[in-house]
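Participant: First the structure, which I've put down as structure tokens, then a few questions once you've had a look.
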Amino acid sequence: MYYVNQEQIHRRLNMIPDITSALRNMAEKWDGSLLLAFAQERAIHLAIEVVTDVGSYLIDGFIMRDASSYEDIIEIIHEEKVIGDDIFESLMELVRFRKPLVQEYYNLERSSLHSLTAVMPDVLTQFAESVLHYLAAEL
């Protein structure tokens, strides 16, 4: 029997509506300001953390192979059929953006809306639905 920390998974998934709302709001109101640029970065950062945290809980709980990187987390949950092909590439792009976002922040382009801002609301919603479906099926 598996021990999957569903409480922590749900806590993180419950952040998705706020993150998607913020991303949609920024896409609609984008004016190139530094304030919106920083808000955009934070919302994308939260999206990365939600996806990787939930992925890690699933990997640990269902005793999947160990992940060696953020990209590996996404690959594992894709291989294990938690997420489908339809969102896999978008989630890979999201987690690949983590290093520039948190380590090379001084080089980020801040004058334009980031491409992830527009696509992540739908991807994150699909991610949450996929995780919940997987949990229901496996538990």
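The values are calculated or read from the model by the stated rules, or taken from the named source; none is laboratory data. Because the structure is predicted, anything quoted here is derived from the model rather than measured. With ideal geometry, Cβ positions are generated from the backbone for all residues, glycine too; neighbour counts draw on all protein chains shown.
Participant: Answer yes if at least one residue in the range 88-106 is of a type in the set (Val, Ile, Thr), surrounded by fewer than 15 Cβ atoms within 10 Å (Cβ to Cβ), farther than 23 Å from GLU28 by Cβ and in contact with a His (Cβ under 8 Å, 6 or more places away or on another chain), and no otherwise.
Facilitator: Checked against the condition, which is being of a type in the set (Val, Ile, Thr), surrounded by fewer than 15 Cβ atoms within 10 Å (Cβ to Cβ), farther than 23 Å from GLU28 by Cβ and in contact with a His (Cβ under 8 Å, 6 or more places away or on another chain), the range 88-106 yields at least one hit.
Participant: So which residues in the range 7-21 are of a type outside the set (A, V, I, L, M, F, W, C) and either touching a Gly at 6+ places or on another chain (Cβ under 8 Å) or surrounded by 13 or more Cβ atoms within 10 Å (Cβ to Cβ) (or both)?
Facilitator: The answer is GLN8, HIS10, ARG11, ARG12, PRO17, THR20.
Participant: Select the helices (runs of 4 or more DSSP H) contained entirely in the range 65-135, then report the ones holding at least 1 residues which are touching a Lys or Arg at 6+ places or on another chain (Cβ under 9 Å) and of a type in the set (A, V, I, L, M). Outline the logic, then answer.
Facilitator: Details: elements: 70-79, 85-96, 98-102.
Per the criteria, 70-79.
Participant: Return yes or no: is ILE44 modelled with pLDDT of 95 or more and part of a helix (DSSP H, G or I)?
Facilitator: yes
Participant: Right, here's the next one. With ILE76, ILE87, ILE63, ILE83 as the choices, which residue is among the hydrophobic types (A, V, I, L, M, F, W, C), farther than 21 Å from MET15 by Cβ and within 15 Å of the chain's Cα centre (by Cα)?
Facilitator: Answer to the check: ILE76.
Participant: Yes or no: ALA128 closer than 30 Å to TYR3 by Cα, touching a residue at least 60 places away in the same chain (Cβ under 8 Å) and surrounded by 13 or more Cβ atoms within 10 Å (Cβ to Cβ)?
Facilitator: yes
Let's see how each residue does on (1) free of Cβ contacts under 8 Å to residues at least 12 places away in the same chain; (2) polar (S, T, N, Q):
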site: GLN8; (1), (2): no, yes
site: ARG12; (1), (2): no, no
site: ILE44; (1), (2): no, no
site: ASP53; (1), (2): no, no
site: ILE59; (1), (2): no, no
site: ILE77; (1), (2): no, no
site: ASP85; (1), (2): yes, no
site: GLU89; (1), (2): yes, no
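For every residue, the table says whether it meets (1) among the small types (Gly, Ala, Ser); (2) surrounded by fewer than 18 Cβ atoms within 10 Å (Cβ to Cβ); (3) farther than 17 Å from ALA118 by Cα; (4) touching a Gly at 6+ places or on another chain (Cβ under 8 Å).
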| residue | (1), (2), (3), (4) |
| --- | --- |
| LEU23 | no, no, no, no |
| LYS29 | no, yes, no, no |
| ALA37 | yes, no, no, no |
| PHE62 | no, no, yes, no |
| SER69 | yes, yes, yes, no |
| LYS81 | no, yes, yes, no |
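Participant: Inspect the range 48-55 for any residue being among the polar types (S, T, N, Q) and assigned to a helix (DSSP H, G or I) and give the result as yes or no.
Facilitator: yes
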